[in-house]
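Structure, as structure tokens:
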Amino acid sequence: MQNNFFDTRIEILKGVGAARALLLNTELQIFTYADLIQYYPFRYEDRTKFHTIADLYEGMEVAQIKGRLHFMEKMGEGHKARLTAQFSDGTGTMELTWFQGVSFLEKKLRPSSEYVIYGKPAFFQGRPQMQHPEMELLNPANEKGGYFQPVYGLTEKLKKRYIDSKVIAMMQRNLLDISYSQIRETLPENIRQKFRLIEKKDAVYNIHLPMSEAWLHQARRRLKFEELFYNQLRLIKQKLNRRTDYKGQVFKSTTLVTEFYKNHLPFDLTNAQKRVIKEIFEDMKSGKQMNRLLQGDVGSGKTIVAFICMLLAISNGCQACIIAPTEILADQHYQGLKDFADSLGIKIDKLTGSVRKKARVGIHEGLLDGSLSILVGTHAILEDIVQFQNLGFVVIDEQHRFGVAQRAKLWEKNSVIHPHILVMTATPIPRTLAMTLYGDLDVSIIDELPKGRKPIKTVHRYDSHRLNVFGFMRDEIKKGRQVYVVYPLIEESEKLDYKYLADGYESIVRAFPEYHISIVHGKMKPADKDFEMQRFIKKETQIMVATTVIEVGVNVPNASIMVIESAERFGLSQLHQLRGRVGRGAEQSYCILMTDVKLSKDTRIRLETMVRTTDGFEIADVDLQLRGPGDLSGTQQSGVIDLLIADLAKDGEILRVARECATAILEEDHDLDLPQNAMVKEQIEQQKANASNWARIS
Ligand code: ADP
Ligand code: MG
């Protein structure tokens, strides 16, 4: 019954009708009552307070004023037409101006009537004015103020057809009039009591038509909690199900691990490395299939951890593979792991898009007959033709570029018994995001860099100081160091990119005639790129001029200076990744961020953050605050984040509480069979049954 009610199509709702319904369908994907009622405002305008003209001040965001409209005047014709009016409230007079809808407004506005106006005040020669204020005749409803006006996301087309936030709010009011009593509670009483959450129907009502600021606050809190609670419940349940549903290979023998530790370990592992290896080993011995995320900042030494875990698998007659998002990164892993593998007599090979057919066939055979133990590669590994004799362990590097579907594909590479999976990421993910993106994975964190690393010193310099920067580079090169100079890559304009890079290269060649300089960019053939990189690694060149292709892939401990040109064009996590290319040796390293003097507020925050800290988690948090979760790489493809109201950048605390609550419930009652969890179970089942998310409400 109730479901059917919220399935009703919006055409028949008072205030909608066929024409508007069609617009809502195509522009906002709103088809049913459920769709409409879940179309939440994204902010509210505070119409509770009135200002007077006398107390307006420069820089004020918005003001609502009650007053009288005086003579209007239209100036100019056609698209140059403009309408002005005088408006006074007893404390002063201001000018109102409109550039759009002039003839319409000229007819509609009534001089000498009283209005409530709303807009952003501006000042001209000390006198207050307002452009395009919202105008509403004074009436009993708006006279006292006292309400929060919802603002809904709208498209240009809707605005052109006069569907604005007020119209949507009117539709919501009409809908709530007939549906309020039908809105079913979706959180059990005991949870609502414990966290002091208001009832669902009151929350939905107040999200659209807040009765007061306090009600609005409670409405948002309640709906955010509910959304995050069910999100976490689903993820944690998936995790638990997998634990009970899927067996994992049991790795008991540690022969190769022991031999590696005894004879080939190139350095002492950090305590953090030891700890995560222990966590992973426990999983791989547990008999349950592992799904674990390994987070660790650039340079924290994830590769060797992955290798040691591979050794455990191989000691037990299994194969291992590692998959990276780019050819360069796969290459680096291959180079890094090959020496280790060779020292133990383990066969390792590389499979990427550029591997020739003949070599491929050899790899396929080696995998099938089990003689090839470790495969390093890119997406090429996912192809169906790549089959293993007994794949036991999969490492996915830089998970954020892979989707959930690809993870599943790797999983199926051993259909008898799924391989253990370790997902590695060097992009520290803020905790809140990790909980929703990877809530179904166990997490291990390497929070310690290898000993002897000196923290990288980071400075910000304006372009006008380039000569000083060159001087500093020269001093360091004299001491035997090497330097990266990185230019941004702007995808829309490859030509322009290249010009930046070429000009930069020219100026560096001119400034450093006594040194050899490498250049590497994305348009070069892999072989040429390789050649240049090798020259740099062998110290034949002192300066490497490059685009972001060096973001991943290059590991040159002697390179201790990273100069990032046009640093304002890079995102925070990218800057952090680039900086991670230096600081890999024993020497003091430096990162120099070069920019123009004109910088936006956000850019300044990004640069200040880079200068202040090298902590990847702190940087990730600032990044999340600045960009919002939707922009963080990977979140869109993953499809995991589909939140109507919660904001991962701001609602970390609610998320934490909701997750704790979900965990506690599932720990006590895994299948949600207890009577007090009946509502939760029903809700989850509805969500599952309903691909669209309207089950959240009905
Ligand atoms: P990332 O976590 O960024 O993948 P890598 O695995 O590439 O880091 O390691 C970065 C560098 O640090 C490599 O040259 C590696 O050999 C070295 N390294 C890793 N662990 C240690 C350690 N415990 N002590 C000293 N150097 C280490
Ligand atoms: Mg790495």
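The values are calculated or read from the model by the stated rules, or taken from the named source; none is laboratory data. Remember, predicted model here, so these are calculated numbers, not experimental data. We place every Cβ from the backbone using ideal geometry, glycine too, and count neighbours over all the protein chains shown. Each accessible area value is taken on the protein alone, full model and side chains, heavy atoms only, with ligands, DNA and RNA left out. Shrake-Rupley method; radii C 1.70, N 1.55, O 1.52, S 1.80 Å.
Would you point out the residue of segment 599-629, among those that are at pLDDT below 90 and not in a helix (DSSP H, G or I), that is least open to solvent (accessible area, probe 1.4 Å)? Across segment 599-629, the extreme among qualifying residues is Gly628. Filtering segment 345-358 for residues that are open to solvent by less than 10 Å² (accessible area, probe 1.4 Å) and within 16 Å of ligand 2 (Cβ to nearest atom) leaves an empty set. Here is the figure for segment 556-598: residues that are outside any loop (DSSP other than H, G, I, E, B), closer than 20 Å to Asp503 by Cβ and small (Gly, Ala, Ser) total 1. Identify the single condition in (1) closer than 30 Å to Ala658 by Cβ; (2) open to solvent by 20 Å² or more (accessible area, probe 1.4 Å) that Ala169 does not satisfy, given that it satisfies every other one. Every condition holds for Ala169 apart from (2). Counting the residues of segment 137-155 that are at pLDDT 90 or above and either out of contact with any Pro (no Cβ under 7 Å at 6 or more places or on another chain) or among the β-branched types (Val, Ile, Thr) (or both) gives 6. Taking the condition polar (S, T, N, Q) and farther than 17 Å from Tyr261 by Cβ, does Asn291 pass? So Asn291 passes the test. Applying a threshold of 7 Å to beta carbon distances and a minimum spacing of six or more residues, or different chains, the list of pairs starting in segment 290-316 at a residue that is within 6 Å of ligand 1 (Cβ to nearest atom) and ending at one that is of a type in the set (Val, Ile, Thr) reads Gly296/Ile445; Gly296/Ile446; Ser300/Ile446; Gly301/Thr270; Gly301/Ile446; Lys302/Ile446. The set of residues in segment 232-253 that are open to solvent by less than 50 Å² (accessible area, probe 1.4 Å) and at pLDDT 95 or above comprises Phe251, Ser253. Leu265 satisfies every condition listed in (1) more than 16 Å from ligand 2 (Cβ to nearest atom); (2) within 17 Å of Asp442 (Cβ to Cβ) except (2). The residue list Ile519, Ile537 contains one member that is within 16 Å of ligand 1 (Cβ to nearest atom), without any contact (Cβ under 8 Å) to a residue 60 or more places away in the chain and either surrounded by 15 or more Cβ atoms within 10 Å (Cβ to Cβ) or under 14 Å from Ile328 (Cα atoms) (or both), which is Ile537.
Counting the residues of segment 426-476 that are among the aliphatic types (A, V, I, L, M) and either more than 27 Å from Lys278 (Cβ to Cβ) or modelled with pLDDT of 95 or more (or both) gives 5.
Yes/no matrix, rows are residues, columns are (1) among the aromatic types (Phe, Trp, Tyr); (2) in contact with a strand residue (DSSP E or B) (Cβ under 7 Å, 6 or more places away or on another chain); (3) within 14 Å of ligand 2 (Cβ to nearest atom):
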| site | (1), (2), (3) |
| --- | --- |
| Asp283 | no, yes, no |
| Ser286 | no, no, no |
| Asn291 | no, yes, no |
| Gln295 | no, yes, yes |
| Ile304 | no, no, yes |
| Cys309 | no, yes, no |
| Ser315 | no, no, no |
| Gln319 | no, yes, no |
| Ile322 | no, yes, yes |
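A quick yes/no check of all residues on (1) open to solvent by less than 70 Å² (accessible area, probe 1.4 Å); (2) within 20 Å of Leu137 (Cα to Cα); (3) not in a strand (DSSP E or B):
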{"residue": "Thr48", "(1), (2), (3)": "yes, yes, yes"}
{"residue": "Gly59", "(1), (2), (3)": "yes, no, yes"}
{"residue": "His79", "(1), (2), (3)": "no, no, yes"}
{"residue": "Phe87", "(1), (2), (3)": "yes, yes, no"}
{"residue": "Tyr115", "(1), (2), (3)": "yes, yes, no"}
{"residue": "Phe123", "(1), (2), (3)": "yes, no, no"}
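Filtering segment 99-112 to residues that are touching a Lys or Arg at 6+ places or on another chain (Cβ under 7 Å) and surrounded by 11 or more Cβ atoms within 10 Å (Cβ to Cβ) leaves Phe99, Val102, Glu106. Selection of segment 548-568 for residues being modelled with pLDDT under 90, open to solvent by 10 Å² or more (accessible area, probe 1.4 Å) and either within 24 Å of the chain's Cα centre (by Cα) or hydroxyl-bearing (Ser, Thr, Tyr) (or both) yields Thr548, Val549, Glu551, Val552, Gly553. For Lys200, the criteria (1) charged (D, E, K, R); (2) surrounded by 15 or more Cβ atoms within 10 Å (Cβ to Cβ); (3) at pLDDT below 90 hold in every case but one, which is (3). Of all residues in segment 256-281, those satisfying the criterion of being assigned to a helix (DSSP H, G or I), of a type in the set (Val, Ile, Thr) and surrounded by 13 or more Cβ atoms within 10 Å (Cβ to Cβ) are Val257, Val276, Ile277, Ile280. Among the residues making up segment 409-433, those that are out of contact with any helix residue (DSSP H, G or I) (no Cβ under 9 Å at 6 or more places or on another chain) and surrounded by fewer than 20 Cβ atoms within 10 Å (Cβ to Cβ) are Trp411, Glu412, Ser415, Val416, Ile417. In segment 660-673, what residues are open to solvent by 50 Å² or more (accessible area, probe 1.4 Å) and touching a residue at least 60 places away in the same chain (Cβ under 8 Å)? Selection gives His670 alone. Each residue in segment 275-308 was checked for being of a type in the set (D, E, K, R) and under 20 Å from Ala341 (Cα atoms), and 1 of them qualify.
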